[in-house]
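Written out below as C-alpha coordinates is the structure these notes cover.
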(Lines give C-alpha, C1' and ligand atoms only; values in the text may rest on other atoms or scores of the structure.)
Protein backbone atom coordinates (compact mmCIF):
# COMPACT_ATOMS: atom_id res chain seq x y z
CA UNK A 1 0.00 0.00 0.00
CA UNK A 2 1.87 3.09 -1.25
CA UNK A 3 0.94 6.19 0.72
CA UNK A 4 0.75 9.41 -1.35
CA UNK A 5 2.87 12.40 -0.36
CA UNK A 6 1.75 16.03 0.09
CA UNK A 7 4.54 18.65 0.12
CA UNK A 8 3.84 22.07 1.68
CA UNK A 9 6.11 25.03 0.82
CA UNK A 10 7.72 27.75 2.93
CA UNK A 11 7.09 31.44 3.54
CA UNK A 12 7.09 33.68 0.43
CA UNK A 13 7.73 30.61 -1.75
CA UNK A 14 5.41 28.30 -3.68
CA UNK A 15 4.95 24.71 -4.76
CA UNK A 16 7.74 25.19 -7.32
CA UNK A 17 10.33 24.92 -4.50
CA UNK A 18 9.61 21.19 -4.38
CA UNK A 19 10.65 20.55 -8.00
CA UNK A 20 13.77 18.50 -7.08
CA UNK A 21 11.82 16.29 -4.68
CA UNK A 22 8.87 15.90 -7.05
CA UNK A 23 11.15 14.72 -9.84
CA UNK A 24 13.04 12.29 -7.60
CA UNK A 25 9.98 10.88 -5.82
CA UNK A 26 7.84 10.52 -8.93
CA UNK A 27 10.72 8.72 -10.63
CA UNK A 28 10.25 6.10 -7.90
CA UNK A 29 6.60 5.74 -8.85
CA UNK A 30 5.25 7.72 -5.89
CA UNK A 31 2.17 9.94 -5.95
CA UNK A 32 3.12 13.50 -4.99
CA UNK A 33 1.05 16.70 -4.84
CA UNK A 34 2.27 20.21 -4.01
CA UNK A 35 -0.46 22.73 -3.15
CA UNK A 36 0.07 26.47 -3.04
CA UNK A 37 -0.95 28.08 0.24
CA UNK A 38 -3.20 31.17 0.25
CA UNK A 39 -1.25 34.30 -0.68
CA UNK A 40 1.51 32.32 -2.42
CA UNK A 41 2.33 31.03 -5.90
CA UNK A 42 -0.81 30.62 -8.01
CA UNK A 43 -2.82 32.06 -5.10
CA UNK A 44 -0.98 35.36 -4.67
CA UNK A 45 -3.40 38.11 -3.77
CA UNK A 46 -5.51 35.87 -1.55
CA UNK A 47 -5.56 36.63 2.15
CA UNK A 48 -3.50 34.21 4.24
CA UNK A 49 -4.85 32.71 7.44
CA UNK A 50 -3.84 29.57 9.25
CA UNK A 51 -7.36 28.21 8.89
CA UNK A 52 -7.36 28.73 5.11
CA UNK A 53 -3.90 27.18 4.88
CA UNK A 54 -5.06 24.10 6.80
CA UNK A 55 -8.09 23.81 4.52
CA UNK A 56 -5.83 24.02 1.45
CA UNK A 57 -3.68 21.16 2.69
CA UNK A 58 -6.70 19.05 3.61
CA UNK A 59 -8.06 19.60 0.09
CA UNK A 60 -4.74 18.34 -1.31
CA UNK A 61 -4.94 15.26 0.92
CA UNK A 62 -8.47 14.61 -0.32
CA UNK A 63 -7.18 14.92 -3.87
CA UNK A 64 -4.98 11.84 -3.32
CA UNK A 65 -7.49 9.71 -1.46
CA UNK A 66 -8.04 11.27 1.94
CA UNK A 67 -4.90 10.11 3.74
CA UNK A 68 -1.25 10.96 3.03
CA UNK A 69 2.27 11.47 4.31
CA UNK A 70 2.36 15.20 4.99
CA UNK A 71 5.67 17.01 4.53
CA UNK A 72 6.23 20.71 5.13
CA UNK A 73 9.19 23.07 5.39
CA UNK A 74 9.33 26.20 7.57
CA UNK A 75 5.88 27.83 7.18
CA UNK A 76 4.78 24.60 5.50
CA UNK A 77 6.04 22.68 8.51
CA UNK A 78 4.00 24.77 10.92
CA UNK A 79 0.91 24.43 8.72
CA UNK A 80 1.47 20.67 8.46
CA UNK A 81 1.72 20.39 12.25
CA UNK A 82 -1.56 22.29 12.53
CA UNK A 83 -3.19 19.93 10.03
CA UNK A 84 -1.94 16.85 11.90
CA UNK A 85 -3.29 18.20 15.18
CA UNK A 86 -6.66 19.18 13.69
CA UNK A 87 -7.26 16.14 11.46
CA UNK A 88 -4.99 13.29 12.63
CA UNK A 89 -7.02 10.64 10.83
CA UNK A 90 -6.08 12.13 7.47
CA UNK A 91 -2.33 12.30 8.18
CA UNK A 92 -0.67 8.89 7.85
CA UNK A 93 2.69 10.40 8.83
CA UNK A 94 4.24 13.82 9.33
CA UNK A 95 7.60 15.16 8.13
CA UNK A 96 8.09 18.62 9.67
CA UNK A 97 11.26 20.34 8.46
CA UNK A 98 12.92 23.57 9.60
CA UNK A 99 10.16 24.47 12.05
CA UNK A 100 11.26 23.34 15.52
CA UNK A 101 11.09 26.82 17.04
CA UNK A 102 8.15 28.11 19.05
CA UNK A 103 6.45 30.58 16.69
CA UNK A 104 5.55 33.23 19.25
CA UNK A 105 9.23 33.72 20.06
CA UNK A 106 11.08 32.83 16.88
CA UNK A 107 8.91 34.54 14.27
CA UNK A 108 8.57 37.71 16.31
CA UNK A 109 12.31 37.96 16.86
CA UNK A 110 13.68 36.73 13.53
CA UNK A 111 11.13 37.69 10.89
CA UNK A 112 8.65 40.37 11.95
CA UNK A 113 11.01 43.37 12.06
CA UNK A 114 12.77 42.52 8.74
CA UNK A 115 9.35 41.96 7.13
CA UNK A 116 8.14 45.37 8.26
CA UNK A 117 11.33 47.00 6.94
CA UNK A 118 11.01 45.16 3.61
CA UNK A 119 7.44 46.41 3.25
CA UNK A 120 8.82 49.96 3.16
CA UNK A 121 10.89 49.30 0.04
CA UNK A 122 9.35 50.18 -3.36
CA UNK A 123 9.26 46.50 -4.40
CA UNK A 124 8.59 45.30 -0.81
CA UNK A 125 11.93 43.51 -0.82
CA UNK A 126 11.44 41.36 -3.93
CA UNK A 127 14.88 42.18 -5.38
CA UNK A 128 16.64 41.56 -2.05
CA UNK A 129 14.91 38.21 -1.64
CA UNK A 130 15.68 37.13 -5.20
CA UNK A 131 19.35 38.06 -4.84
CA UNK A 132 19.56 36.20 -1.54
CA UNK A 133 18.23 32.98 -3.09
CA UNK A 134 20.53 33.24 -6.10
CA UNK A 135 23.54 33.71 -3.82
CA UNK A 136 22.73 30.93 -1.36
CA UNK A 137 21.20 28.16 -3.49
CA UNK A 138 23.00 25.98 -6.03
CA UNK A 139 22.40 23.45 -8.83
CA UNK A 140 19.05 24.75 -10.06
CA UNK A 141 17.58 25.21 -6.60
CA UNK A 142 17.30 29.00 -6.99
CA UNK A 143 15.37 28.58 -10.26
CA UNK A 144 13.04 26.09 -8.58
CA UNK A 145 12.27 28.67 -5.91
CA UNK A 146 12.01 31.73 -8.16
CA UNK A 147 9.92 30.15 -10.92
CA UNK A 148 6.88 30.23 -8.64
CA UNK A 149 7.44 33.86 -7.69
CA UNK A 150 8.25 35.36 -4.30
CA UNK A 151 5.17 36.43 -2.36
CA UNK A 152 6.98 39.10 -0.36
CA UNK A 153 3.70 40.90 0.24
CA UNK A 154 2.36 37.93 2.26
CA UNK A 155 5.11 37.88 4.89
CA UNK A 156 3.65 40.19 7.52
CA UNK A 157 0.20 38.58 7.62
CA UNK A 158 1.72 35.09 7.67
CA UNK A 159 4.02 35.96 10.56
CA UNK A 160 1.13 37.46 12.55
CA UNK A 161 -0.98 34.33 12.01
CA UNK A 162 1.67 31.73 12.74
CA UNK A 163 3.01 33.62 15.75
CA UNK A 164 -0.30 32.91 17.51
CA UNK A 165 -0.12 29.18 16.84
CA UNK A 166 0.58 26.69 19.64
CA UNK A 167 2.70 24.28 17.62
CA UNK A 168 3.60 22.11 20.61
CA UNK A 169 -0.06 21.53 21.47
CA UNK A 170 -0.89 20.62 17.87
CA UNK A 171 2.04 18.23 17.71
CA UNK A 172 1.04 16.64 21.02
CA UNK A 173 -2.45 15.99 19.65
CA UNK A 174 -1.07 13.82 16.83
CA UNK A 175 -0.26 10.19 17.70
CA UNK A 176 1.13 9.10 14.33
CA UNK A 177 4.77 8.85 13.25
CA UNK A 178 6.67 12.14 13.04
CA UNK A 179 10.02 13.00 11.46
CA UNK A 180 11.48 16.33 12.63
CA UNK A 181 14.10 17.33 10.05
CA UNK A 182 16.57 20.18 10.54
CA UNK A 183 19.65 21.38 8.76
CA UNK A 184 22.52 21.26 11.23
CA UNK A 185 23.13 24.97 10.56
CA UNK A 186 19.49 26.04 10.94
CA UNK A 187 18.68 28.73 13.52
CA UNK A 188 15.18 27.20 13.76
CA UNK A 189 16.57 24.23 15.69
CA UNK A 190 16.37 26.24 18.90
CA UNK A 191 13.45 24.29 20.45
CA UNK A 192 13.87 20.97 18.68
CA UNK A 193 14.02 19.00 21.95
CA UNK A 194 10.69 20.48 23.07
CA UNK A 195 9.12 19.51 19.74
CA UNK A 196 10.63 16.02 19.87
CA UNK A 197 9.37 15.49 23.42
CA UNK A 198 5.86 16.45 22.27
CA UNK A 199 5.79 13.64 19.70
CA UNK A 200 4.08 10.39 20.63
CA UNK A 201 6.14 8.59 17.97
CA UNK A 202 8.94 10.90 16.93
CA UNK A 203 12.33 10.92 15.23
CA UNK A 204 14.76 13.83 15.11
CA UNK A 205 17.07 14.06 12.10
CA UNK A 206 19.79 16.71 11.71
CA UNK A 207 21.20 16.98 8.20
CA UNK A 208 24.93 17.89 8.13
CA UNK A 209 26.08 20.92 6.08
CA UNK A 210 22.50 22.12 5.55
CA UNK A 211 20.77 25.29 6.68
CA UNK A 212 17.17 26.40 7.02
CA UNK A 213 16.35 25.51 3.41
CA UNK A 214 17.38 21.92 3.98
CA UNK A 215 15.31 20.51 1.09
CA UNK A 216 17.11 22.85 -1.33
CA UNK A 217 20.55 22.64 0.27
CA UNK A 218 20.51 18.84 -0.02
CA UNK A 219 17.64 17.90 -2.37
CA UNK A 220 18.65 14.28 -2.97
CA UNK A 221 19.19 13.58 0.71
CA UNK A 222 15.91 15.24 1.63
CA UNK A 223 14.02 13.26 -1.02
CA UNK A 224 15.55 10.08 0.38
CA UNK A 225 14.38 10.96 3.89
CA UNK A 226 10.84 11.64 2.65
CA UNK A 227 10.85 8.45 0.56
CA UNK A 228 12.02 6.40 3.54
CA UNK A 229 9.31 7.95 5.71
CA UNK A 230 6.72 7.10 3.05
CA UNK A 231 7.94 3.49 3.02
CA UNK A 232 7.64 3.23 6.81
CA UNK A 233 4.14 4.70 6.73
CA UNK A 234 3.11 2.46 3.83
CA UNK A 235 4.18 -0.67 5.72
CA UNK A 236 2.23 0.47 8.77
CA UNK A 237 -0.83 1.27 6.71
CA UNK A 238 -0.68 -2.12 5.02
CA UNK A 239 -0.31 -3.91 8.35
CA UNK A 240 -3.26 -1.99 9.81
CA UNK A 241 -5.41 -2.88 6.81
CA UNK A 242 -4.58 -6.59 7.18
CA UNK A 243 -5.35 -6.50 10.89
CA UNK A 244 -8.67 -4.79 10.23
CA UNK A 245 -9.52 -7.37 7.58
CA UNK A 246 -8.61 -10.23 9.93
CA UNK A 247 -10.79 -8.77 12.67
CA UNK A 248 -13.70 -8.39 10.25
CA UNK A 249 -13.33 -11.97 9.05
CA UNK A 250 -13.12 -13.22 12.64
CA UNK A 251 -16.26 -11.31 13.49
CA UNK A 252 -18.07 -12.79 10.50
CA UNK A 253 -17.00 -16.30 11.44
CA UNK A 254 -18.26 -15.74 14.99
CA UNK A 255 -21.67 -14.66 13.73
CA UNK A 256 -21.90 -17.72 11.52
CA UNK A 257 -21.00 -19.99 14.44
CA UNK A 258 -23.78 -18.36 16.47
CA UNK A 259 -26.22 -19.01 13.66
CA UNK A 260 -26.86 -15.37 12.90
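Couple of notes before you dig in:
- Selection from segment 73-82 of residues that are in contact with a strand residue (DSSP E or B) (Cβ under 6 Å, 6 or more places away or on another chain) and either under 21 Å from residue 237 (Cα atoms) or in a loop (DSSP other than H, G, I, E, B) (or both): 80, 81
- Looking across segment 168-211, not a single residue is within 15 Å of the chain's Cα centre (by Cα) and on the phi > 0 side of the Ramachandran plot.
- Within segment 77-99, the set of residues being touching a residue at least 24 places away in the same chain (Cβ under 8 Å) and over 13 Å from residue 165 (Cα atoms) comprises 84, 87, 88, 90, 91, 92, 93, 94, 95, 96, 97, 98.
- In segment 145-167, residue nearest to residue 97 (Cα to Cα) [restricted to those that are modelled with pLDDT of 90 or more, under 17 Å from the mean Cα position of the chain (by Cα) and crowded, with 19+ Cβ neighbours inside 10 Å]: 167
- Filter pass, residue 229 being buried (at least 17 other Cβ atoms within 10 Å of the Cβ), modelled with pLDDT of 90 or more, part of a loop (DSSP other than H, G, I, E, B) and touching a strand residue (DSSP E or B) at 6+ places or on another chain (Cβ under 6 Å): no
- Here segment 45-61 is the region considered, the condition is being without any contact (Cβ under 8 Å) to a residue 24 or more places away in the chain and in a helix (DSSP H, G or I), and the residue that is surrounded by the most Cβ atoms within 10 Å (Cβ to Cβ) is 56.
- The residue pairs whose first member lies in segment 4-21 and is in a strand (DSSP E or B), whose second member is at pLDDT below 95 and surrounded by fewer than 23 Cβ atoms within 10 Å (Cβ to Cβ), and whose beta carbons are closer than 6 Å, counting only pairs six or more residues apart or on different chains, do not exist in this structure.
- Residue 224 vs. criteria part of a helix (DSSP H, G or I) and buried (at least 16 other Cβ atoms within 10 Å of the Cβ): no
- Of 252, 259, all but one fail to be at pLDDT below 90, over 29 Å from residue 104 (Cα atoms) and in a helix (DSSP H, G or I); the exception is 252.
- Qualifying residue in segment 62-74 (condition: more than 20 Å from residue 226 (Cβ to Cβ), surrounded by 22 or more Cβ atoms within 10 Å (Cβ to Cβ) and over 12 Å from the mean Cα position of the chain (by Cα)): no
- Residue within segment 235-256 that is farther than 25 Å from residue 48 by Cα, surrounded by 12 or more Cβ atoms within 10 Å (Cβ to Cβ) and touching a strand residue (DSSP E or B) at 6+ places or on another chain (Cβ under 9 Å) present: yes
- Residues of segment 25-41 classified as touching a residue at least 60 places away in the same chain (Cβ under 8 Å) and surrounded by fewer than 19 Cβ atoms within 10 Å (Cβ to Cβ), total: 1
- Filtering segment 22-32 to residues that are in a helix (DSSP H, G or I) and closer than 20 Å to residue 77 by Cα leaves 22, 25.
- Where residue 104 falls short, out of the listed (1) over 19 Å from residue 155 (Cβ atoms); (2) part of a helix (DSSP H, G or I); (3) touching a residue at least 40 places away in the same chain (Cβ under 8 Å): (1)
The values are calculated or read from the model by the stated rules, or taken from the named source; none is laboratory data. A quick note: this is a predicted structure, and the numbers were derived from the prediction, not measured. When we count neighbours, we look across all protein chains shown, and the Cβ atoms used for this are built from the backbone with ideal geometry, even at glycine.
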